[in-house]
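The values are calculated or read from the model by the stated rules, or taken from the named source; none is laboratory data. Owing to the predicted nature of the structure, the values given are computational and were not obtained by experimental measurement. Every residue, glycine as well, gets a Cβ built from its backbone with ideal geometry; the counts of neighbours run over all protein chains shown. When the accessible area is computed, the model is the full protein with side chains, heavy atoms only, and any ligands, DNA or RNA have been set aside. Shrake-Rupley method; radii C 1.70, N 1.55, O 1.52, S 1.80 Å.
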Amino acid sequence: MLKFLVDHARCTQCGLCATDCPARIIELDDYPTIVNPDACIRCQHCLAICPTEAISILGNDPENELPINNAFPSPQQMATLIRGRRSTRQYLDESLPIDVIEDLLTTVHHAPTGVNAQQVLLTVVKNRQSVHTLREAVYTRLVQAIRDGENNDDMRMEVLGWAIKMWTKEGADVLFRGAPHVLIASAPQNCPTPLPDCFISLSYFELLAASAGLGSLWNGMLKWTLDELFPEFRDRLGIPRDHLVGYVMVFGKPAVKYMRTVSRTPGPIRIIDWKEGNGTGNS
Ligand SMILES: Cc1cc2nc3c(=O)[nH]c(=O)nc-3n(C[C@H](O)[C@H](O)[C@H](O)COP(=O)(O)O)c2cc1C
């Protein structure tokens, strides 16, 4: 049930809802109506674009939504955030309140998903004690794997062997980096775009966390360990069997503060002109 309701007292019949509908299923029969409800992808563009708050859909009322009126960060603020966020590898041994985590994740669920599937599952290990327990289990399992020669010729085991050495010889936790929380993004493998959806969600999470003064780290070594090499961990973490794990991050209150952005070697950019016949002219 879409519950597409148009307040006739407010609707000016401007047609913006119809022209912006990605599925092109809104028609103006005097007032807007949805002609093929099964094709609706539930994006709510009709509600978002209406200048007079005339449209509600899916039980959502425009009056309950945030007005956007110049409330976005400036391009300069966004550029500082994107250039200034850093991979955080030092954390306070302090859990974040659950409501803070829930607020972050609720916002992250607004990230775009293919065909608006909204199927990304965000799994968070809830506090430092839980991460400590998980960490013990992970290092124990890794030590056992190295001892038994499991995945011996896999280059990932070589890197993880280094992690064990750092942990056992120097007490340095290069796997979890001392973070109090682990975040895993997964999505059903049969949804339209599971992996891009996970990556986008985590990218949004990273920026949102940075804007809130929190640190985070994309964690390839944990992805290998918890998902790829020792899938018993993903089972024990309750990741559904039919899900693909997009990626794993750790996050928490940083124990370090970065004072400035850093410069990058300019990455390749191409601004192209498509010409009839031979495309861009490259063979
Ligand atoms: C997909 C991905 C996986 C990563 N895995 C790890 C990791 O396992 N351990 C780690 O310390 N850093 C990891 N990083 C962080 C990168 O090393 C980091 O982004 C890079 O050095 C640039 O530093 P910056 O993020 O502070 O700009 C990963 C980053 C990405 C994007």
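Summary of values
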{"read-out": "Unique match (being farther than 20 Å from Pro254 by Cβ, away from the ligand (no atom under 16 Å from the Cβ), in the same structural domain as Arg234 (by TED's automatic domain parsing) and surrounded by 15 or more Cβ atoms within 10 Å (Cβ to Cβ)) among Leu142, Leu121", "value": "Leu121"}
{"read-out": "Out of Val174, Val138, Val131, sole residue that is under 23 Å from Asp103 (Cα atoms) and modelled with pLDDT of 95 or more", "value": "Val131"}
{"read-out": "Asp103 vs. criteria in contact with a Pro (Cβ under 7 Å, 6 or more places away or on another chain) and either surrounded by 11 or more Cβ atoms within 10 Å (Cβ to Cβ) or among the β-branched types (Val, Ile, Thr) (or both)", "value": "no"}
{"read-out": "Output for region 3-20, where each listed residue is in a loop (DSSP other than H, G, I, E, B) and farther than 19 Å from Asp61 by Cβ", "value": "Gln13, Cys14, Gly15"}
{"read-out": "Helices (runs of 4 or more DSSP H) fully within region 188-283 counting 3 or more residues that are open to solvent by less than 40 Å² (accessible area, probe 1.4 Å) and touching a residue at least 12 places away in the same chain (Cβ under 8 Å)", "value": "194-211, 220-223"}
{"read-out": "Residue count, region 132-174 (criterion: on the phi > 0 side of the Ramachandran plot and in a helix (DSSP H, G or I))", "value": "0"}
{"read-out": "Region 224-261: number of residues that are in contact with a Gly (Cβ under 9 Å, 6 or more places away or on another chain) and either closer than 12 Å to Ile184 by Cα or within 12 Å of the ligand (Cβ to nearest atom) (or both)", "value": "8"}
